[in-house]
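Enquirer: What follows is a structure written as structure tokens; I'll ask about it next.
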Amino acid sequence: MNALLITGTDTEAGKTVLTTVLAAYWQKYCSGRSLGIMKPIQSGVGDREWYQQLFSLEQSAEEITPLYFQAPLAPPIAAIKENRHVDLAVVWQAYTALCQRRDFVLVEALGGLGSPVTEELTVADLAGEWRIPTVLVVPVRLGAIAQAVANVALARQTRVQLVGIVLNCIQPRTDDEIANWTPADLIQSLTNIPVLGCLPYLENPAELDKLAQVASDLDLECLLLTGNRQ
């Protein structure tokens, strides 16, 4: 599939930031090619509304998020509260249809790689079964190295095609903090997964020109071309 799945080590890791940065770059420098964005499952108001507000996607709310729950909870819990079930067939059909209509599709996962999608499956299980090239977002903070190692181990266990790691400053960080808390060489040595760059803290994540500039500092060869080689 011509797609990239963006997941993280946890909630609030920076998945939406990376998705937004890559979309801003694509729309500025790849304007002759069509882009789709998906948040396959969403619980509560948030990302779907953000993408509709920021980008001209020509996608309906249902095309961005085919499965939506009102409560901001893990999908299997939110589904029980609404007397529904998590219908992954609907999600898969919407994903494959969008991939057929667009040159490239950015797919933002819910929660972290280990977050539950159903009572039996996690995001990692889904990424492995659907064979979507995947990037892991790791926030720059104490404990990030252990989180990166554990999530890469989960990705391998579930046969996720992990193309790389992107570090993300969820708060303003100094160069020393980045080097001490998320040393790229050590993370790469422990995981055997390339670190594709580090996103700075963004005060205004809606400034599209700035976002496109930030994207240019990442390894875009891996992030934007991997899915098109499948």
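The values are calculated or read from the model by the stated rules, or taken from the named source; none is laboratory data. Note that the structure is a prediction, hence the values are computed from the model and not measured. With ideal geometry, Cβ positions are generated from the backbone for all residues, glycine too; neighbour counts draw on all protein chains shown. Heads up: the accessible areas ignore ligands, DNA and RNA and are worked out on the full protein's heavy atoms, side chains in. Shrake-Rupley method; radii C 1.70, N 1.55, O 1.52, S 1.80 Å.
Enquirer: Restrict the search to the range 22-131; then list the GluC sites (Glu not before Pro) that DSSP places in a loop and that have at most 14 other Cβ atoms within 10 Å of their Cβ. Mind showing how you got there, number by number?
Expert: Numbers: sites: GLU49, GLU58, GLU62, GLU63, GLU82, GLU108, GLU119, GLU120, GLU129; in loops: GLU58, GLU82, GLU119, GLU120.
Sparse-neighbourhood loop GluC sites (Glu not before Pro): GLU58, GLU82, GLU119, GLU120.
Enquirer: Hydropathy first: keep DSSP H helices in the chain averaging at least -0.5 on Kyte-Doolittle, then drop any whose Cα extent along the axis falls short of 18 Å, and list what survives.
Expert: 15-29, 88-101, 144-157
Enquirer: If you don't mind, there's one more thing I want to ask. State the percentage of accessible surface on the range 1-223 attributable to carbon and sulfur atoms; use a 1.4 Å probe and exclude ligands, DNA and RNA. If you can, show how the numbers build up before the last one.
Expert: Details: 4920 of 10090 Å².
Exposed carbon and sulfur together represent 49 percent of the surface.
Enquirer: Under 16 Å Cα-Cα from LYS210, which lysines qualify once same-chain neighbours fewer than 8 residues away are excluded?
Expert: LYS28
Enquirer: For the range 83-126 and the range 132-208, compute the distance between their C-alpha centroids and round to whole Å.
Expert: 22
Enquirer: Tell me, in nm to one decimal, what length is gained between ALA97 and GLN52 on full extension, where the rule is 0.36 nm per residue of separation less the Cα-Cα distance? Present the calculation step by step, with values, prior to reporting the outcome.
Expert: Working: separation 45, 0.36 × 45 = 16.20 nm, distance 1.89 nm.
Once the chain is fully extended between ALA97 and GLN52, it gains 14.3 nm.
Enquirer: Debye sum, Cα scatterers, the chain, no solvent: what log₁₀ I/I(0) at q = 0.17 1/Å?
Expert: Per q value, in the given order, log10 I(q)/I(0) is -1.28.
Enquirer: Could you give the size of the charge dipole of the chain about its Cα centre, using +1 on the Cβ of each K and R and -1 on the Cβ of each D and E, expressed in debye and rounded to the nearest 20? Display every interim value, and only then the final one.
Expert: Numbers: 16 positive and 25 negative charges, 89 e Å.
In debye, rounded to 20, the chain gives about 420.
Enquirer: While we're looking at this one, here's another question. For n ≥ 4 DSSP H runs only, could you compute -39500 (n - 2.57) per run for the chain, divide by its residues and tell me the 222 nm figure to the nearest 500? Show your work: numbers first, answer last.
Expert: Details: 11 runs with 99 residues, N = 230.
Only helices count here, giving -12000 deg cm²/dmol.
Enquirer: A follow-up question, please. Pull up the cross-link candidates among the aspartates and glutamates for LYS15, meaning alpha carbon to alpha carbon under 13 Å and not fewer than 8 places away within one chain.
Expert: ASP47, GLU108
Enquirer: Would you mind working out the accessible area per residue for the chain, using a 1.4 Å probe, and quoting it in Å²? Intermediate values should be presented prior to the final figure.
Expert: Values: 10490 Å² over 230 residues.
Accessible area per residue, the chain: 46 Å².
Enquirer: Checking the cross-link filter: which aspartates and glutamates have an alpha carbon closer than 17 Å to that of LYS81, excluding same-chain neighbours under 8 positions apart?
Expert: GLU119
Enquirer: Also, quick follow-up: Looking at the range 148-215, which GluC sites (Glu not before Pro) are in a loop (DSSP not H, G, I, E or B) and have at most 13 other Cβ atoms within 10 Å?
Expert: Values: sites: GLU177, GLU203, GLU207; in loops: GLU203, GLU207.
Counting only loop positions with at most 13 other Cβ atoms within 10 Å, the GluC sites (Glu not before Pro) in the range 148-215 are GLU203, GLU207.
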